[in-house]
Each structure stands twice: as structure tokens, then as C-alpha cells.
1. Kindly establish whether Thr26 is within 21 Å of Gly218 (Cα to Cα), under 19 Å from the mean Cα position of the chain (by Cα) and part of a loop (DSSP other than H, G, I, E, B).
2. With Phe201, Phe142 as the choices, which residue is more than 13 Å from Leu111 (Cα to Cα), crowded, with 17+ Cβ neighbours inside 10 Å, at pLDDT below 95 and touching an Asp or Glu at 6+ places or on another chain (Cβ under 9 Å)?
3. Name every residue in the range 46-66 that is within 14 Å of the ligand (Cβ to nearest atom) and more than 22 Å from Lys99 (Cα to Cα), in order of residue number.
4. For the range 99-115, give me each residue that is buried (at least 23 other Cβ atoms within 10 Å of the Cβ) and over 19 Å from Glu129 (Cα atoms).
5. From the list Val82, Val56, exactly one residue is β-branched (Val, Ile, Thr), within 22 Å of Ser24 (Cα to Cα), outside any loop (DSSP other than H, G, I, E, B) and at pLDDT 95 or above. Which is it?
6. Residues to consider are Asp158, Asp169, Asp186; find the one that is surrounded by fewer than 21 Cβ atoms within 10 Å (Cβ to Cβ), without any contact (Cβ under 8 Å) to a residue 40 or more places away in the chain and farther than 29 Å from Leu104 by Cβ.
7. Would you mind stating whether Arg220 is at pLDDT below 95, charged (D, E, K, R) and out of contact with any Leu (no Cβ under 9 Å at 6 or more places or on another chain)?
8. Sort out which residues of the range 208-220 are near the ligand (Cβ under 8 Å from one of its atoms) and of a type in the set (Lys, Arg), and write them in order of number.
Amino acid sequence: MPSAEFFKQLKQTLPTDVTLVAVSKTKPKEDISELYALGQRDFGENKVQELVKKQVQLPKDIRWHAIGHLQRNKVKYIVPFVHLIHAVDSLRLLKEIDKQASKLNRVVDYLFQIHIAQEDTKFGLSKEELIETLTQEETSQFKNTRICGLMGMATNTDNEVQVKKEFYDLKALFEGVKKEFFAEMDYFKELSMGMSGDYEFAIEEGSTMLRIGSKLFGKR
Ligand SMILES: *Cc1c(COP(=O)(O)O)cnc(C)c1O
């Protein structure tokens, strides 16, 4: 059962320019409906099959965020309705999203996932790989995708200094890339960082999108 109390508290304290993405993975659709009834519209899922299933069953004005690692062969299932893809981590994946989106005459919004944590189990591009990707001419040929910013996951640690530094560095990269590549593009504005355990630091360091699961919905 979702915590209505935490939800209301969080919404009251959030700066107005920070979007809360309620991460509902593994949770039943009834849980989503409860938060929906309280006004929540942005929900995030990390598995394509689950995302598609819930999208069919739940109100059509929900904005669905694909937050997890995405396989190219599954892209076609979410492209018809997805609001934002948070975890693009290769040009090949982006190419596939663009291809599927062009078939539907859609423009799909996405973020590049940047590897900021010390664990090497987490997906994402390094800073160098991001710059390299953005410099390749190919990216500008994609007409059916639109880059809206960056996403990252901090190291899962109690070391606050480290988590803050990782968020700080991601924000700096975001600003640098915006200036260099997207200065005129007002849609390049999202910095998706902050989860249940570290969202307060993420807000301090300039997050515009929190992805919160367990604190809202309870343990998985
Ligand atoms: C599960 C998940 C979250 C939410 O994690 P919590 O710790 O439950 O808040 C955020 N981002 C991604 C990519 C996830 O897979």
C-alpha cells in the first residue's frame, strides 16, 4: 500500500520545478490508482512487459516513464505511448527508438543515462562517451527523438559526501553539455537523479526529476 502521508508531505516540500516520478515497479495497479486519486500522474517502470500491461489497464492521462535499462528488441512496445525514456545508453538504442518512433510519426523524448556511481553494475555512458556520442553527426539526423537531459544513479552508500559529489558532478556535466550543444534548446532541461535513499541530496544538487519507489509504495 502506498504511503499517502509521505506522498503528501513530499509534494508539499518539493520545489515546483521538480517532477516526482513515482516508481511503481512490482506494485499492483491498485497502488498506482491510489496515488493517481491523490493527483499523481507521473509513474515509472523498469520492465517493458510490466509497463505495457499497466498502461493498458490504467487511465490514459498517466505519463509513463521508462526508467530502467532498455533492450533494443523491446523498444517498439513502449514507443506508442511512453512519455520519457530515462536510460538511453548507446547510439544503437537511440537509433532503434528513432526508427520505431518514425513509423508512428511520433517524437519520443529521452535522457542519456550517465554512469556516475562507483559500482560497475550500473548502466550508463561515461562523460567521455557522452561527449563522443553528442559529437557524432549521426545524432543530429534523428528526427523522431528529442534529448531532454541526463539521468544518473548515485552509488548505493551511506557516504553522503560521495553521493553529493556524484550528483554535483552530474549537474556540472549537464550544465556543460547544455552550454556546448543545446544552448538554444529549451527542452534540454531535465536532470533525473534522486531515489528513495538520496533524493534530498539530489534536490540540493539541482535535480529536476526524482524517481522514488520504495519510500512511496513500501518495500519491494
Ligand atoms: C527502482 C528504481 C528507482 C527507485 O528506487 P527506490 O530506491 O525504490 O526509490 C529509481 N530509478 C531506477 C532506475 C530504478 O530502477
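The values are calculated or read from the model by the stated rules, or taken from the named source; none is laboratory data. Predicted, not measured: the structure shown is a model, and the values here were computed from it. For neighbour counting, all protein chains shown are included, and Cβ atoms are generated from backbone atoms with ideal geometry for every residue, glycine included.
1. Yes: the conditions hold for Thr26.
2. Matching residue, one of Phe201, Phe142: Phe142.
3. Result: Glu50, single match.
4. Matches in the range 99-115: Ala101, Val108.
5. Val56
6. On inspection, the qualifying residue turns out to be Asp158.
7. Yes.
8. If the condition is that a residue be near the ligand (Cβ under 8 Å from one of its atoms) and of a type in the set (Lys, Arg), then Arg211, Lys215, Arg220 are the ones that fit.
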